[in-house]
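Asks: Quick one: this structure, given as structure tokens, is what I'll be asking you about.
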Amino acid sequence: MEYPNQRDRKQPGDGGAPAASRAFSREMNLAKTITEMDLDSLLRFMTKKGASDLHLKPTRPPLLRINGRLIPIDVEPLNPENIKAMLLAILTPRQKTRLDERLSVDLGYGVSGLARFRGNIYLQRGTLAATFRRIPYEIQTVEELELPESLLDFCEIPMGLVLVTGPTGSGKSTTLAALIKHISRTRPVHVITIEDPVEFLFTDSQATVSQRELGTDTYSFQEALRNSLRQDPDVIMVGEMRDRDTIGTVITAAETGHLVFSTLHTNSAAQTLDRILDSFPPDQQGQVRAQLGQVLKGVVSMKLVERSSGDGRVAALEILKASPKISALLEKGETGSIHEQIESSVGYYRMQTLNQSLLALLCHRTINYEEAMRQSPDPEDLSLKLRKMFPKIEEEGGDMATSDFSQIVELQEFRKLYEEQEEKIKIRLEQKDEEIGGLTERATERSRTIETLQKQVKQLSEEGEKMRQDYSRLRQESKDKMEKLMERIRVLNQRLTSEPESGTGKRSGIFR
């Protein structure tokens with residue numbers, strides 16, 4: 001999974017150095033001198049070097065975030081006047097007014113032929129500073145991002161609420177864009193997005209997508225959400241649930257028969273539910289729990305972890321789906337039991353905890369042991385799961401040696417259950433094959449009987465045709481004989497009538 005600008009090509013000369021050291025060395029080599037210091041040049045340089053973010057701050061050179069680390073560009077430090085000049089030049093009058101009133105402003109900025117950027121300009125120590133995140137024009141799919149295919153189940157839901165959560169820079173927007181892109185390509189629906197600012201640009205496919213930007217197309221999330229209910233939407237995507245009013249309106253939209261996607265800055269499914277409930281007064285939380293129990297369809301909590309190769313990052317995900325037990329726990333307010341329910345629902349509902357996701361990445365050698373333990377929310381639980389599968393993993397420093405046959409023996413114990421199931425399935429298949437063989441034999445016998453009957457029918461048809469021909473021949477012969485006989489009688493009659501009468505005056509012969 002390569003989230004935008006988070007992957008860097010390998011550099012020659014890495015040799016056999018550890019992956020983390022090679023990655024850090026490559027990142028430092030990326031920060032080369034840039035000759036021009038205008039904003040577009042910095043953004044182009046940032047894109048060229050594969051950075052996810054650009055930081056501009058007085059008294060420091062521009063900083064690039066590459067694979068999660070901030071690397072300074074090898075130039076002179078920026079001064080407040082430089083930053084002010086390059087930032088104010090891209091602001092509209094409305095955005096300048098907002099900056100003056102609120103001392104910060106969100107904006108979207110595009111560089112032709114390059115990419116779009118989500119920016120935030122703010123004041124620190126009385127001077128302007130800014131951060132820009134690159135948003136590529138091309139939206140990656142779930143498969144290209146190496147996300148679980150079970151996420152696509154959320155795209156087929158007719159109505160409800162789906163939340164994508166995680167810390168800043170964890171890939172929430174990228175994942176949400178991949179889901180919206182899938183809906184756009186597969187469902188003939190109307191999708192409305194409400195964002196601050198607009199990040200990914202969607203193109204119409206089977207679906208038609210209307211994108212509304214805060215401050216340009218609407219004045220507030222609440223107003224845009226209320227208006228969207230009168231714009232015949234099927235799917236609504238809200239960039240972020242920032243406050244209680246927005247959360248309440250989002251839940252209402254999901255209750256009225258729409259599929260709603262949104263994001264929150266939380267680290268787990270249980271924490272997400274607690275955050276939503278805590279945003280309401282205590283006397284309203286019971287009602288909100290009941291609403292969430294009805295409309296919540298899923299929570300995806302994300303975290304980006306470094307690949308073992310040092311070449312970019314990959315997402316580890318906790319996935320919650322609204323099973324009957326999950327909905328019941330939510331309605332009762334027993335969010336503490338949700339984690340256990342997620343962990344036990346991997347097989348049927350395809351849920352998973354973050355530790356289970358890290359374990360899968362570790363078994364596939366996508367990440368290493370140290371990174372898995374560092375990113376785990378419960379390292380002891382992850383260590384216990386690993387020791388059950390690989391007893392010597394901690395003794396060997398996290399390396400899973402492929403030449404250690406004892407580990408293969410350990411894995412064979414886990415495979416035993418699957419092999420027993422395979423044997424049962426094999427026996428059932430053999431029984432089915434026997435049934436199929438019997439049916440095939442019966443079908444063959446019937447085919448033979450049909451073939452015999454067809455031959456008999458053909459033979460009888462030929463005999464009938466022959467009899468018809470004989471009958472016609474005999475009839476013709478009889479007709480010819482009758483004609484000859486009649487001709488003979490006519491001749492005899494003529495002869496008799498032409499003879500003189502005898503002396504008695506009477507005719508002789510048969511006419512006397």
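The values are calculated or read from the model by the stated rules, or taken from the named source; none is laboratory data. Quantities reported herein were computed from a predicted structural model and do not represent experimental measurements. Note: ideal-geometry Cβ built from the backbone for every residue, glycine included; neighbour counts use all protein chains shown.
Asks: Considering only residues that are under 20 Å from T366 (Cα atoms) and either among the β-branched types (V, I, T) or not in a loop (DSSP other than H, G, I, E, B) (or both), which ones fall in the stretch 135-150?
Replies: Listed by number, the residues that qualify are T141, V142, E149, S150.
Asks: With respect to S498, determine if the residue is modelled with pLDDT under 90, surrounded by 10 or more Cβ atoms within 10 Å (Cβ to Cβ), over 30 Å from M389 (Cα atoms) and hydroxyl-bearing (S, T, Y).
Replies: Judged against the criteria, S498 is not a match.
Asks: Shifting gears a bit: Is there any pair with a first residue in the stretch 84-104 that is assigned by TED's automatic domain parsing to the domain that holds R116 and a second that is among the small types (G, A, S) and modelled with pLDDT of 90 or more whose Cβ atoms are under 7 Å apart and which are 6 or more apart or on different chains, and what are they?
Replies: L87/A130
Asks: Show the residue pairs meeting these rules: Cβ distance below 9 Å; 6+ apart or different chains; first residue within the stretch 325-351 and more than 14 Å from A290 (Cα to Cα) and not assigned by TED's automatic domain parsing to the domain that holds L273; second residue among the polar types (S, T, N, Q) and not in a helix (DSSP H, G or I).
Replies: Correct list of pairs: empty, since none qualify.
Asks: For the stretch 153-198, which positions are among the aliphatic types (A, V, I, L, M) and in a strand (DSSP E or B)?
Replies: Hits for the stretch 153-198 are L161, V162, L163, V164, V191, I192, I194.
Asks: Which condition number does R350 fail, the rest of (1) surrounded by fewer than 18 Cβ atoms within 10 Å (Cβ to Cβ); (2) in contact with a Lys or Arg (Cβ under 8 Å, 6 or more places away or on another chain); (3) under 15 Å from S268 (Cα atoms) being met?
Replies: All conditions pass for R350, except number (3).
Here is a yes/no grid of residues against (1) touching a Gly at 6+ places or on another chain (Cβ under 9 Å); (2) among the aromatic types (F, W, Y); (3) exposed (fewer than 15 other Cβ atoms within 10 Å of the Cβ):
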site	(1), (2), (3)
D245	no, no, yes
V250	no, no, no
V260	yes, no, no
I276	no, no, no
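Asks: Tell me whether the stretch 27-39 contains one or more residues that are aliphatic (A, V, I, L, M), closer than 12 Å to I71 by Cα and either part of a helix (DSSP H, G or I) or at pLDDT 50 or above (or both).
Replies: Yes, because at least one residue in the stretch 27-39 is aliphatic (A, V, I, L, M), closer than 12 Å to I71 by Cα and either part of a helix (DSSP H, G or I) or at pLDDT 50 or above (or both).
Asks: Please indicate, with yes or no, whether at least one residue in the stretch 333-349 is more than 24 Å from E146 (Cβ to Cβ), over 24 Å from the mean Cα position of the chain (by Cα) and not in a helix (DSSP H, G or I).
Replies: Taking every residue of the stretch 333-349 in turn, at least one turns out to be more than 24 Å from E146 (Cβ to Cβ), over 24 Å from the mean Cα position of the chain (by Cα) and not in a helix (DSSP H, G or I).
Asks: Still on this model: List the number of the failed condition for H258; all other conditions in (1) in contact with a strand residue (DSSP E or B) (Cβ under 6 Å, 6 or more places away or on another chain); (2) farther than 25 Å from L317 by Cβ hold.
Replies: (2)
Asks: Same structure, new question: What residue, of S268, S279, S205, is closer than 24 Å to K332 by Cα, of a type outside the set (D, E, K, R), in the same structural domain as Q356 (by TED's automatic domain parsing) and touching a Lys or Arg at 6+ places or on another chain (Cβ under 6 Å)?
Replies: S279
Asks: Mind checking whether some residue in the stretch 353-362 is assigned by TED's automatic domain parsing to the domain that holds L292, modelled with pLDDT of 90 or more and not in a helix (DSSP H, G or I)?
Replies: yes
Asks: Taking the stretch 41-51 only, how many residues are out of contact with any helix residue (DSSP H, G or I) (no Cβ under 9 Å at 6 or more places or on another chain) and either surrounded by 15 or more Cβ atoms within 10 Å (Cβ to Cβ) or outside any helix (DSSP H, G or I) (or both)?
Replies: Total satisfying the criteria: 5.
Asks: Pairs only if they're at least six apart or on different chains, beta carbon under 7 angstrom, first in the stretch 57-72 and in a strand (DSSP E or B), second β-branched (V, I, T) and surrounded by 15 or more Cβ atoms within 10 Å (Cβ to Cβ); list them, first residue then second.
Replies: Taking only residues 6 or more apart or on different chains, the pairs are L63/I71; L64/I71; L64/I73.
Asks: Can I ask one more? Looking at the stretch 283-292, can you tell me whether even one residue there is within 25 Å of N355 (Cβ to Cβ) and in the same structural domain as L359 (by TED's automatic domain parsing)? Give the steps one after another, and end with the answer.
Replies: The first filter runs over the stretch 283-292 and keeps only residues within 25 Å of N355 (Cβ to Cβ), leaving 292.
Cutting the leftovers down to in the same structural domain as L359 (by TED's automatic domain parsing) gives us 292.
There is at least one residue in the stretch 283-292 that is within 25 Å of N355 (Cβ to Cβ) and in the same structural domain as L359 (by TED's automatic domain parsing).
Asks: Residue check: is G169 more than 12 Å from the chain's Cα centre (by Cα), modelled with pLDDT under 90, assigned by TED's automatic domain parsing to the domain that holds T266 and farther than 13 Å from F261 by Cα?
Replies: On the way: more than 12 Å from the chain's Cα centre (by Cα): yes; modelled with pLDDT under 90: yes; assigned by TED's automatic domain parsing to the domain that holds T266: yes; farther than 13 Å from F261 by Cα: yes.
Judged against the criteria, G169 is a match.
Asks: While we're on this one: Exactly one condition in (1) modelled with pLDDT under 90; (2) part of a helix (DSSP H, G or I); (3) of a type in the set (K, R) is false for K458; which is it?
Replies: (1)
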